[in-house]
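Report on the structure given below.
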Amino acid sequence: MHSLKSFTANEINKQLGRTGPVWQKESYDRLIRSDSDFAEKFDYIITNPQRSSLTENGAYPFVWSRGWSETSLEQLRGDAAKISSALPQDAEGSTLEACAPREFSGDHAFELYDTFGFPIDLTELLCAERGLTVDMPRFEKLMEQQQERSRAAQKSTVVRALDISTEAVTEFVGFEQDEVEATILEIHPQEDSLFIITDKTVFYSEMGGQSGDTGILVADGQEIEITGTQQIGKARAHILSKSQLQVGDKVTLTLDTARRRPIEAHHTATHLLHWALHEVVSQDAAQQGSSVDENRLRFDFNSAAVTPEQLAAMEEKVNASIQANDPVSWTEVPHADIKGRTDIMQFFGDKYGDVVRVVQIGGAPGSLAGYSQELCGGTHVRHTGEIGLFKIKSEGAIASGVRRIEAVCGEAAHAWVAHLAAVETQEIIVSREKLGAANQRLTELGAEQISISATAKSGEIKEAAIEAEKRFRKLQAAAAAKMADESLAELIEKGEPIIVSFESDAALLQELQNGLKKKNFPGAALLIVDDGEKLHLATYCGEGALAAGHKAGDLLRDLAALAGGKGGGKPDQARGAAPDREKLEEIKAAAAERFKN
């Protein structure tokens, strides 16, 4: 890890044309005492450049850049194992330091980069340490192909300010305001849009897992849609279509509050979910990433599987906080004042300035005495009651040891509940139909039906339908066995080849075969059951039939083919089916002819 730190620091300095330390001196020692200790140190060394905005726009591709907030220790270890397993190995499984081939596959290098986010520079470094070179021409070709695919799939409204640099500074006033008068500082034309940098803005740029804002810009009475917001250094650019705007123009920036408010609700709900996770599951459950927009929230964390009971308890706690309509406040304080406080969520490795913003839920505003407190730069509701209903949609694993919860609140939650209700209603209808059909069949067999209450839910009705079907099949099998015994007794007594057909359920076929075997019938037999949809066929060859050269599998294959079916089996028994029920008599005639030989 020390080598990785030195390597990335050296590359950053080369890019910036300077020398000296990239990070401040670490406050921890260099010993690794546990898995969690390893995770913290690796996290600090590899992801710090991105956290400090050095890699925000991809200018430093040699630094780990696969979304640090969503990368777990297990994933990082998997990536390291991936490159190690791709290197030459000897018979004992040890990596060979000097053996052919001496070149690391460009395909492997690209897979590490594209699929696992492993920087190509680090791949080259690790390979060089083992005396290998990387097939860079192949890697670059695959990169070009990927870029072509990306360009083809990219929507015209999605643009990025990767090649723009500016010294401008934009003041963000969007925590308190939805509209602001601003002055255009810079205009950067793009292929099909403009990047407008202003001195002030109420538009939040996508960062920290929160989606960026949209809205309108008004200039000289003309409204222009702002489709996105891009952070460029300390400036904020508003993305809009072509216009006649000029540097120095006075404009009005107005948020799309119908979109912003649900984003704020989902962001505050994420903080409440984080708090509830610690309260219900474990204080050691560590956040691995989050994402919020107007439609949903996503929260990733380190933990074992969460039980349905724990999810219900978490959901209940969040909704109780919403019902309480607790105040949500934020205040800026010196980082040094709260750095050691365990009651304020802050993440090891994040680079914080001298002043930080604490978002507090509960307690007197600004008192730093809330039940949920996190360092956060995002936008939030003013009271938890503004969140509305909170519902967890799903919970599951996304990597080894990493879980993901997806949830919704407000109108999105009501829509989800309505969807669940519609699904429940449809499942009730389907399950009642299945139960009714199974009960009808039980009645035909003279058996007692399975009843349920009029208010039963879909799960209860489904279980009742399954139980009714099981009871029917058990009774049907018993009836089929009795019918088989009665039907076969006279036929077997004749001692001739048996060719017989029934209109019944397919279950009868197995019982007929079993009956022939139990009675040691020595001859050949063709058994057909017509269930009203297709013909189910079985052939049987006893000792005498086998001695005469008959084989059940061959007979079944040829006879089923006459009705467009197929099947097969062993010399003594075979099964199959055929769709053309009109060929029943033709099949029986063909069997009679075969049995003569």
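The values are calculated or read from the model by the stated rules, or taken from the named source; none is laboratory data. Just so it is clear, the model here is predicted, and its values are computed rather than measured. All Cβ positions, glycine included, derive from the backbone under ideal geometry; neighbour counts span all protein chains shown.
The table for this structure:
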{"quantity": "Residue count for region 539-573, restricted to those that are hydrophobic (A, V, I, L, M, F, W, C) and buried (at least 23 other Cβ atoms within 10 Å of the Cβ)", "calculated": "7"}
{"quantity": "Qualifying positions in region 280-303 - touching a residue at least 60 places away in the same chain (Cβ under 8 Å), closer than 16 Å to V402 by Cα and assigned to a loop (DSSP other than H, G, I, E, B)", "calculated": "S303"}
{"quantity": "Single residue of region 346-369 satisfying the filter (out of contact with any Ser or Thr (no Cβ under 8 Å at 6 or more places or on another chain) and touching a residue at least 40 places away in the same chain (Cβ under 8 Å)) that is nearest to Y204 (Cα to Cα)", "calculated": "D350"}
{"quantity": "Complete set of residues in region 358-388 that are surrounded by fewer than 16 Cβ atoms within 10 Å (Cβ to Cβ) and assigned to a loop (DSSP other than H, G, I, E, B)", "calculated": "A364, P365, G366, S367, A369, Y371, G377, R382"}
{"quantity": "Output for region 364-399, where each listed residue is of a type outside the set (S, T, N, Q) and either more than 29 Å from V306 (Cα to Cα) or not assigned by TED's automatic domain parsing to the domain that holds D326 (or both)", "calculated": "A364, P365, G366, L368, R382"}
{"quantity": "Residue that is surrounded by the fewest Cβ atoms within 10 Å (Cβ to Cβ), among those in region 216-261 that are aliphatic (A, V, I, L, M) and over 36 Å from the mean Cα position of the chain (by Cα)", "calculated": "V247"}
{"quantity": "Conditions (1) under 28 Å from F203 (Cβ atoms); (2) without any contact (Cβ under 8 Å) to a residue 60 or more places away in the chain; number of the one not met by G340", "calculated": "(1)"}
{"quantity": "Residue list for region 477-512, restricted to those being surrounded by 21 or more Cβ atoms within 10 Å (Cβ to Cβ) and assigned to a helix (DSSP H, G or I)", "calculated": "A480, A484, L488, L508, L509, E511, L512"}
{"quantity": "Residue list for region 431-461, filter: more than 20 Å from K474 (Cβ to Cβ), without any contact (Cβ under 8 Å) to a residue 12 or more places away in the chain and part of a helix (DSSP H, G or I)", "calculated": "E433, G459, E460"}
{"quantity": "Any hit, region 319-334, residues being within 21 Å of A413 (Cβ to Cβ) and either basic (K, R) or in a strand (DSSP E or B) (or both)", "calculated": "yes"}
{"quantity": "Residue match in region 410-430 (condition: within 24 Å of V318 (Cβ to Cβ) and outside any helix (DSSP H, G or I))", "calculated": "yes"}
{"quantity": "Residues of region 346-359 that turn out to be within 14 Å of Q373 (Cα to Cα) and at pLDDT 90 or above, as a count", "calculated": "4"}
{"quantity": "Among the residues listed as K566, K570, K588, K551, the single one being touching a Ser or Thr at 6+ places or on another chain (Cβ under 8 Å) and in the same structural domain as N514 (by TED's automatic domain parsing)", "calculated": "K588"}
{"quantity": "Evaluation of T198 against (1) in contact with a strand residue (DSSP E or B) (Cβ under 7 Å, 6 or more places away or on another chain); (2) closer than 28 Å to L375 by Cα; (3) touching a residue at least 60 places away in the same chain (Cβ under 8 Å) (one fails), failing number", "calculated": "(3)"}
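Listed here are the residues, each with its yes/no results for (1) small (G, A, S); (2) in contact with a helix residue (DSSP H, G or I) (Cβ under 6 Å, 6 or more places away or on another chain).
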{"site": "A336", "(1), (2)": "yes, no"}
{"site": "S372", "(1), (2)": "yes, yes"}
{"site": "A397", "(1), (2)": "yes, no"}
{"site": "R404", "(1), (2)": "no, no"}
